[in-house]
Amino acid sequence: MISRHTSQRVAKGLIWAAAFSTLAVMIWILLQVLIEGLPLLSLNFFLDAPRQMGRTGGIFSTIVGTLALTAVAIVIATPLGVGTAVYLREYTREGRVSRVIRFGTDCLAGVPSIIFGLFGFVFFVILLRMGWSILSGGLTLATMILPTIICTAEEAIMAIPYSYREVSFALGGTRWQTVARVILPNAIPGIFTGVLLGVGRSVGETAAIILTAGSSLLMPTSLFSPTRTMSVHFYILAREGISMEKAYATGAALILLILAINTLANWLLWRYVRKVGG
Amino acid sequence: MSKEKIFEKGFFLVAFSSISILALIAFFIFEEGVPLIWKVGARSFLLGERWFPSQGSFGIFPMIVGSFWVTVGALIVGVPLGVACAVFLCELTPPSVSIVLRPTIQLLAAIPSVIYGFWGLIVLVPLIRNALGGPGLSVLAGSLVLGIMILPTIISISEDSLRALPRTFKEGALSLGATHWQTIWRVLLPASRSGIVASVILGMGRAIGETMAMIMILGNAVQMPGSILDSTRTLTTNIGIEMGYATGDHRQALFATGVVLFFITMGLNTLALFISGRRRT
C-alpha cells in the first residue's frame, strides 16, 4: 500500500503542476499575440484611419469608437450601480425587497453577452430607433456591466466601519448627509475599482457590440453614428482573414490596454486595502 | 416632500434597475422568439435536426448537442485545473505568493474572449489538425479554450469557499495526525463542497454563453458531432453567425434560440445561487 506521505507528495506535485500550467498557458496566450504584434505597433498605427477594410492604415477610428462606447456605458451604469449599492447597504435591511434586487443582479450577471446583444438590437436599435450607434452599443454595455459595479460598490460601502455612520448620526447628520459626506467619499476607491472592471469588460466585449453598434470603420461624428471597437475590429480582421499582420497589431494594442486597466485597478485596490488595514 | 424622502425614493427606484433590465431582456427576447416556437411547434424546434432557414425548417437539436459537448469538454478541462489552483492558492503557497498570483488570475478573466479565440485558431487548431487529423476546427479545440476561459470563475469562487472555512477544521484534522493532503482531501474540500459546486455551475453558465471565441474555433457546421474532432455549432454561435443577415422568420428563429439559451443560463444561475445558499461576491 502506498504510504500516506507518498500520496501526499504525489498530490501536492499534481497541484503544483496544475497551478504552473495555468500560469504557463496564460503567458503563452499573451506572448503569442504580443511577440508578433508589438513590433508592428507605431504611432502611425494608432493615429491613422483604417483603409481598405483595415488591410492597410491604422486603427484610429476604432480607438475613438472604443472610448466613446465605454464612456457612454460608464456614465449610465455608474450612478445606477452605486445608487443600488447605497440603497442595499444604507437604506434598507436584508429582507424580501433586497433579496429580489440581489437575485436580479446575480441573474443579470449570468446572462450571456449574445443575449444582451439580441435585447439591445430589438430594444435600443429598433424600438427606440437609435439605429446601430454608439448610443445603442453604450446603453447595451451599461446593462452588462451594471452587476459588476453594484457588487464592487456594495463591498466598498460594506468595508466602511460602522462607527463612521454612528458619528455622523450622533452629530445630527441625516441619512442623506451621511451617505453624501461620509459613505460615498470613503467608498470612492472601491467604486473606482468596479468602474475599471466595467471598463475592462466593455473594451473586451464583441458579441453584443456587433449587434448594437454595428461595425462601421468610418470616424463617428455623433452619439448616433455607428462605430467599430478595437475588439470587433480584431475579430473581423482575424476571422475574415483580411490581414493577419493588422490583426496581431490590433490584438497587441488590445492586450496592452487591458493590462493597463487591470494594473491600475489592482494598484488602487492595493493602496486602498493598505490604507484601511494600516 | 422633504429632501430626505426624495433621496430615499430615488435610491429605491434606482435599486430596481437591475431587476427591471432583466425583466425587459426576458420580455423582448420572448416577444420576438416565442411566436416562432409556437408556429414551428416546441417539439420540432427543440428536437428537429434540420436547420435550413431558407426552406423554413428550424430545428436546433444539433446546436443543443453541440453546446452540451463543448460545455462538458470545458468542464473536464477546467474543473480539475481550477479546483487544484484554488487549493494551491489557499493551502500550498504563502500569502506573499498568492498576492502575486491572484491578480494574474484576474487578468485571465479580463482578457477579451476574442483573444482566446484567436489563440485557439492559430495555435490549437493547426496543432489538432496535424497531430490528430480532422479539420482542427473542432469540439476538442473549443473545449480546451473554454476550459481555460472558465478557470477564473472556478478558481475565485472555490477559493472563497475554501477560505471561508473555520480554522478549527484544519487544526482538528492535523492534530488527529492527518497529513496536510489528507486534511485537504478528506476535510477541507468536502466541507467547501457547496461553494465548489456553485463555482462549477457558474463556470458552466459562462461556457454555454460564450460566443465569439467559439465562432472562431468550432468550424460552425450544423451537424451532430460524431467525435471530438468534428466541427460543431452551439446555440450562441448560431445566433452570432446568422444574426447579421437574418430577416423575418429566420431572425425570429434566432431569437427563439436565444429564448432556449436564456432559460438554460437562468436555470444554471438559480441552481448555483440555491446550492451556495448565499450570494456570490
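Quick note: the coordinates plus some simple rules give every number you see, no bench work behind them. Computed from a predicted structure; not experimentally measured. With ideal geometry, Cβ positions are generated from the backbone for all residues, glycine too; neighbour counts draw on all protein chains shown.
Remark on B:Q223: its backbone amide H falls under 5 Å from those of B:R233, a criterion applied only to residues 5 or more positions apart or on other chains, H modelled at 1.01 Å from N. Gaussian network model of chain A, Cα springs within a sub-10 Å range: biggest mean-square fluctuation belongs to which of A:Y162, A:Y235, A:Y248? Maximum among the listed residues: A:Y162. Taking amide H as placed 1.01 Å from N in the peptide plane, B:S57 has its amide H under 5 Å from the amide H of B:F52, each at least 5 places away in sequence or on another chain. Within 10 Å of the Cβ of each residue in A:232-240, the mean number of Cβ atoms contributed by other protein chains is 4. The mean number of Cβ atoms from other chains found within 10 Å of a Cβ in peptide A:152-159 is 1, as a whole number. Once you reduce the range B:163-195 and the range A:35-49 to the center of their Cα atoms, the two points are 52 Å from each other. So, in Å, what gap is there between the alpha-carbon centers of the range B:18-62 and the range B:111-137? The range B:18-62 and the range B:111-137 have Cα centres spaced 31 Å from each other. Here the Kirkwood formula, the inverse mean of 1/r across different C-alpha pairs, assigns the protein assembly as shown a hydrodynamic radius of 24.7 Å. Between rounded, prolate and oblate, where does the range A:135-278 land on the alpha carbon gyration tensor, with a ≥ b ≥ c its root eigenvalues, rounded for a/c under 1.5, else prolate if a/b exceeds b/c? Prolate. For the range B:27-121, the C-alpha radius of gyration divided by 2.2 N^0.38 Å, with N the number of residues, is 1.69. Sorting A:99-107, A:194-202, B:30-38 by their mean Cβ neighbour count within 10 Å, with the most densely packed peptide first, gives A:194-202, A:99-107, B:30-38. For chain A, the mean projected area of the C-alpha convex hull, equal to one quarter of the hull surface, is 21.6 nm². Centre-to-centre separation between the Cα atoms of the range A:167-192 and those of the range B:210-254: 50 Å. Scanning residues 5 or more positions from A:G58 or on other chains, those with amide H under 5 Å from its amide H are A:D48, A:A49, A:R51, with H placed 1.01 Å from N in the peptide plane. Comparing A:L135, A:L47, A:L14 in a Gaussian network model of chain A, where Cα atoms under 10 Å apart are tied by springs, the biggest mean-square fluctuation is seen for A:L14.
Annotation: average projected area of the range B:89-195 is 8.9 square nanometres, based on the convex hull of Cα atoms across all directions. Neighbouring Cβ atoms from other chains, within 10 Å of the Cβ of residues in A:212-218, number 0 on average.
Taking chain B as a Gaussian network of alpha-carbon nodes connected by springs under 10 Å, the highest mean-square fluctuation of the residues B:G142, B:G240, B:G78 belongs to B:G240. Working value for the range B:30-276: equivalent-ellipsoid semi-axes of 39, 21, 15 Å, each the square root of 5 times a Cα gyration tensor eigenvalue, largest first.
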